[in-house]
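Report on the following structure.
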Amino acid sequence: MRRKIVLMSLLLAGCIFISSNAIAAWTQAKGHSYNQLTLSHYKTIEKFTTIEKHETVEGFSKSTDVKATHEKPYRNEEEEFTASKLSYYVEYGLKDDLTAIFSGGFEYVRSNDILNNTEDTDEVSGVGDIILGLRQKISDNVAGGPMSVQLDIKIPEAYDYDIPVDFQSLGDGQYDALLKLKYGRGFSWGYAVLDAGYKYRFANVLQDDSEAYVSFKPSDTVIVSLSGGYNATPWLSIRGKLDWDKSIGNARVSEDFVTYYAPDGMSDETGKTVMILDTLGLEKDSITAGLALAFTVAKNMQIVASYDWTLDGTGPFKDWNFGAFKSSNSSIGETLSIALAYSH
């Protein structure tokens, strides 16, 4: 099996590049807006996987074959993958209780894998996924805070997408629909926000070199996010967040994308299917954390510096047992970002 794992890391970490309003449970007043320009950089050289691989080098070529599969995920070293993005996020109040949302930007993606067999390039750039959304306020006062419902649609039409085991792309190619329930609460010292949602992921149908059609559908995902901020001074706030994405396990893949691993003495047809879980990242679970410092530099304007990382049971978390919340089939990466936010 050719080594084409990291070219899907953008799929696994796409959420890190969606800018969001820090007080996202609230709606914008009619005619008012929240704007955020963000420069982000993501890097990963490891992932959680159930597949142990064996790498061989012949001359100038390198290939990777499946050596064994394991019941539990473990850390596996991968080729380096980086993604940088300049993104713009805006909320605009259509009415006091209805807010329109747009997010998109220019991306630069680089992988140490060969990204395009014909062009022999290891990088791609351009406009990535576009997010369009609507947030409707349900109530101004649920246990002391507002509650809203939000629908986001991910649109992949701004970039070319081809067979993912051979070509690097700026996104994962298919439409997604995310429905979220959002609750916020303001305090004298800051705020707290709780999001819970369900992401439905549509199927992706592609045509290969033989003009046959292949398809795959990433698993739908349950999403839970807890975030908050503390006003340390009139000009500085400290923010934190915890995001959990859980696959429900309904991914589908056409036979062309199936790779079998067969232990000694077994035929390939009886081996375990591995590509659907790992290479395409179709059934990922992840838990990530983030910290940010927001500096007020002018009226209605802030500069926000943030760092996000995958909780992987190492470093200060090496003794933690995440149990059902553990990451699986997910890249282990980190993101640094700087953002300029302006409210009007």
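The values are calculated or read from the model by the stated rules, or taken from the named source; none is laboratory data. Because the structure is predicted, anything quoted here is derived from the model rather than measured. All Cβ positions, even for glycine, are placed from backbone atoms using ideal geometry, and neighbour counts span all protein chains on display.
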Hits in region 157-179 - residues which are closer than 27 Å to residue 109 by Cβ and part of a strand (DSSP E or B): 167, 176, 177, 178
Unmet criterion (only one of (1) loosely packed, with under 13 Cβ neighbours inside 10 Å; (2) at pLDDT 95 or above) for residue 269: (2)
Per-region count, region 175-215, residues at pLDDT 90 or above, under 19 Å from residue 163 (Cα atoms) and either hydrophobic (A, V, I, L, M, F, W, C) or surrounded by fewer than 19 Cβ atoms within 10 Å (Cβ to Cβ) (or both): 2
Where residue 281 falls short, out of the listed (1) outside any loop (DSSP other than H, G, I, E, B); (2) under 30 Å from residue 203 (Cβ atoms); (3) under 24 Å from the mean Cα position of the chain (by Cα); (4) at pLDDT 65 or above: (1)
Filter result for the condition that a residue is within 13 Å of residue 245 (Cβ to Cβ), at pLDDT 85 or above and either in contact with a Cys (Cβ under 7 Å, 6 or more places away or on another chain) or of a type in the set (A, V, I, L, M, F, W, C) (or both), over 287, 303: 287
Condition check for residue 245: within 29 Å of residue 123 (Cα to Cα) and not in a strand (DSSP E or B): no
Filter pass, residue 251 being free of Cβ contacts under 8 Å to residues at least 12 places away in the same chain and of a type outside the set (Asp, Glu): no
Residue 171 being at positive phi and either within 16 Å of the chain's Cα centre (by Cα) or modelled with pLDDT under 95 (or both): no
